[in-house]
Amino acid sequence: MREQTSPRREKDRPESPVGMGEALGYSEVFLEFQERLSRVARINRPVLLIGERGTGKELAASRLHFLSTRWKGPLVALNCSALTPSLMESELFGYEKGAFTGAEQRRTGRFEAASGGTLFLDEIGTIPVEVQEKILRVVEYGTFERVGSSESVGVDVRIIAATNADLVVLTTEGRFKQDLLDRLSFEVLFLPPLRERKEDILLLANHFAARMAFELGRKEIPQFSDESISALETYAWPGNVRELKNVVERAVYRSGSPLIREIVFDPFRSPREEHGLPDEAGFLAETDTSSIDDLMNKPIREAVRELEILLLKKALEETKFNQRKAARILGLTYDQFRGLYRKYRDKIP
C-alpha cells in the first residue's frame, strides 16, 4: 500500500522520534490497519489506539502525527503509567512558581509544549479521575489552568491516546469518565497482535536480524534455518513485535555463523528447558539400567556398539525423532550425531 504524504517536499519532513521504518508488513490485517490510520490521520480529531503491549502504539501515534496537517508542529509523548497521581496534573498542565514546595519557577506542561501539534498520552487508562476532568475541559474548550494559577491558558492540541485496558469496563467501574471516552474516541484503531500477522513475522525478523548484524559489524546478512523459521512462525508472541525484536537480536548476537539455528524465546530459561529437553543426568537415569548391566558381560567393543545404539534410540524417542534435539541430549554436535546415526541407521527403526 502506498503511503500518502504531505504536498510539501518529502525532504522537508522532520525525522520521527520513533522508528517509523519498523512499520513493516504485507499481511491483510496489517495493511487494513495502516489504511484506516492514514485515512484518519488528516482529520483533526482525537484518535484512540487500543492494542496489546509491544504492538507498536507509540509508532502508530508517530505515524498519525507525521501524516497529519500538524506534521510541522511538535509531537509530545507522555507515559501516564510512569507517573504518580500527584505528579500527573503538574506534568500535563505545568505549574506556577510557589504552587507547592519545590516549585521555584514556572514550568510549562505537556499540553503547552504540544500546542500546534500532537500530544500522545500512552496508557491513558491509568490517569486519575480528577485529572481526567481537566483533560476533558481541554478537549472541549482548548483551555486549562496551571497548577497554582487561576489564569486560563489556551492551547491547540490534537490528542492521540493509547491503552491496552478495556476503557468501557473502566467507565462502568467509575474509573474512567464516560464523557472523556466519548470525546477521545472519534476514531478507535485496534492494533493487530503479531499472532494475527503470521505473514509478517519472517519479514520483521529479517529486518531486525540485518540491523543487528550491521550493529555488530558483520558483513554477511543473517539467514534463518527452516527449523528456526518454524519456531518463529508458530510461537504465540505475547510480547508482539517488541518481543520479536528482542528474540531475533539475541539470536543474531549468539549465533556463530550467518545461519541462525537457535531461537531462545525466554532468556531466563536454560536451553534445555527452552526446547523441552531433559538434562543429561535425567536422561541417563531413565535409561534401562538392566540393558546396561547386560553389556558388562560382553567384549568392550561390542558393548560400546550396543550402548551407542541404545542411547541413540532413547534420545530419538525422548525428542520424538527430532535429530537436533537428540544431539543436544547426548552432548553431540548435529554433525557428530548425524555421523553416528548413519553408522547405526539399519539398527534404529
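Read-outs throughout are calculated quantities, based only on the coordinates presented, and are distinct from any laboratory measurement. Values in this document were obtained by computation on a predicted structure and should not be read as measured data. Cβ placement follows ideal geometry from the backbone for every residue including glycine, while neighbour counts extend to all protein chains displayed.
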| task | Show me 49-59, 169-179 ranked by packing, highest mean number of other Cβ atoms within 10 Å first. | result | 49-59, 169-179
| remark: The ³J(HN,Hα) series, computed from each phi in region 108-121 with the Karplus coefficients 6.51, -1.76 and 1.60 at θ = phi - 60°, rounded to the nearest Hz and given as x for glycine or proline, is 7, x, 5, 5, 5, 5, 8, 4, x, x, 10, 10, 9, 9
| Spin-label pair L310/Y334, simplified geometry with 7 Å Cα→Cβ offset, distance in nm | 3.0
| Given a Förster radius of 41 Å and the C-beta distance between Y141 and E32 as r, what FRET efficiency does 1/(1 + (r/R0)^6) yield to the nearest 0.05? | 0.70
| field | Phi-based couplings in Hz for region 154-166 (Karplus 6.51, -1.76, 1.60; Gly and Pro marked x) | value | x, 9, 10, 10, 9, 9, 10, 10, 9, 6, 10, 8, 8
| message | Explain nothing, just compute: Karplus ³J(HN,Hα) = 6.51 cos²θ - 1.76 cosθ + 1.60, θ = phi - 60°, for every residue of region 230-247 in order, whole Hz, x for Gly and Pro. | response | 4, 5, 5, 7, 9, 6, 7, 6, x, x, 6, 4, 4, 5, 4, 4, 5, 5
| Taking H as built 1.01 Å from N, whose amide H comes closer than 5 Å to the amide H of Q223, not counting residues under 5 places away? | L259, I260
| chymotrypsin sites (Phe, Trp or Tyr not before Pro) restricted to region 20-105 and DSSP loop, no more than 13 other C-beta within 10 Å | Y26, F100
| remark: Scoring only Lys, Arg, Asp and Glu (+1, +1, -1, -1) among other residues with Cβ under 14 Å from the Cβ of T143 yields -3
| task | Would you mind checking which residues have amide H under 5 Å from A77's amide H? H placed 1.01 Å from N; only 5 or more apart, or other chain. | result | F120
| message | With the cut-off at 1.5 for a/c, could you classify region 70-111 from its C-alpha gyration tensor as rounded, prolate or oblate? | response | oblate
| Which of the residue pairs K245/K325; K314/K347; K198/K245; K72/K134; K298/K347 have a Cα-Cα distance greater than 22 Å in the structure shown? | K245/K325; K72/K134
